[in-house]
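Written out below as structure tokens is the structure these notes cover.
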Amino acid sequence: MSLNLFDTIPDFTQESTEGPLNFYDWARGDWVLLFSHPKDFTPVCTTELGAVAKLKPEFDRRGVKIIGLSVDPVDRHLQWAGDIERTQGAALNFPLIADVDRRVAGLLGLIHPNASDTATVRSVFVIDPAKRVRLTLTYPASTGRNFEEILRTIDSLQLTDKHKVATPADWKQGEDVIILPSVGEEEARALFPQGWTEHTPYLRTVAQPETAD
């Protein structure tokens, strides 16, 4: 199947480096980052797993759980974890699904026959607490993923879920945001009493609202 934005991600139970894992029970009501790998002992993915392990405190701070997926068995995952810690300086600190029968890959649409009939593509899903897909990215095998960009996107999603704003190109946490065009003048004055800058009637920028609101 192919998952589109705001589709509900299907539930599954599969073995992992932390034992049998039911996805819905594990995710509960949290945000989730799920990212897939074609197989174990691949060089680009080795660097990616190390990078995410180092960034885990940042994901924790945003209330985001992390889970990886590869088609090899648990014993291979655990051997690979040793290489990751030795070469990347960070131990695997989140579960890695052992999708040996490729059942989860099928559910999530991770087998792209033109790329490989057996290996999963390198995809990313950001999933909200309602189990809805909010971001999908698929990278070519030769290009490592940018997890700082994924954190930036999560910041935007969490902010814009709470406030009637959007984030502009290259936005970072703490920078000005855009008032949604659907927000009329009267509502804007109530929501943003400090005022805003009107560049055009449809492009109004305002200081970022407090995320704790």
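Close amide H partners of Ala98, meaning residues 5 or more places away or on another chain with modelled amide H under 5 Å apart, are Glu15, Ser16, Thr17.
Working note: Karplus 6.51/-1.76/1.60 with θ = phi - 60° gives segment 23-36 the couplings 4, 5, 5, 5, 6, 6, x, 9, 6, 9, 10, 10, 9, 10 Hz, where Gly and Pro are set to x. Remark: the Cα gyration tensor places segment 163-206 in the prolate category, a/c being 1.5 or greater and a/b exceeding b/c. May I ask for the angle, rounded to the nearest 10°, between helix 43-61 and the longest principal axis of the chain, with both axes built from Cα atoms and the value confined to 0 to 90°? Tilt of helix 43-61: around 50 degrees. Per-residue Karplus couplings for segment 138-144, computed as 6.51 cos²θ - 1.76 cosθ + 1.60 with θ equal to phi - 60°, are listed in order as 10, 9, x, 4, 8, 10, x Hz, Gly and Pro entered as x. For Arg122, the amide hydrogen comes within under 5 Å of the amide hydrogens of Tyr139, counting only partners 5 or more places away or on other chains and with H modelled in the peptide plane. Our analysis of the chain gives Rg over Rh at 1.04, with the two radii drawn from alpha carbon positions and Rh computed by the Kirkwood formula. Projecting the alpha carbon convex hull of segment 1-93 along each direction and taking the average yields 6.4 nm².
Work out how much length His199 to Leu5 would gain on full extension: take 0.36 nm times their residue separation and subtract the Cα-Cα distance, in nm to one decimal.
The His199-Leu5 span can extend by a further 66.8 nm.
Note on segment 126-142 and segment 65-108: Cα centroid distance 17 Å, given to the nearest whole angstrom. Couplings for segment 13-21, taken from phi via the Karplus curve 6.51 cos²θ - 1.76 cosθ + 1.60 with θ = phi - 60°, read 10, 8, 5, 8, 5, 10, x, x, 10 Hz in order; Gly and Pro are left as x. Put simply, the amide H of Leu135, placed in the peptide plane, has neighbours under 5 Å in Val126, leaving out anything fewer than 5 places away on its chain.
At most 14 other C-beta atoms within 10 Å and a DSSP loop state: those are the exposed GluC sites (Glu not before Pro) I care about. Give me the longest piece of the chain that has none.
19-174
Laboratory data are not the source of any read-out in this text; all were calculated from the coordinates shown. This one's a predicted model, so the numbers in the text were calculated from it and none came from an experiment. Neighbour counts are summed over all protein chains in view; Cβ atoms, including those assigned to glycine, are modelled from backbone coordinates with ideal geometry.
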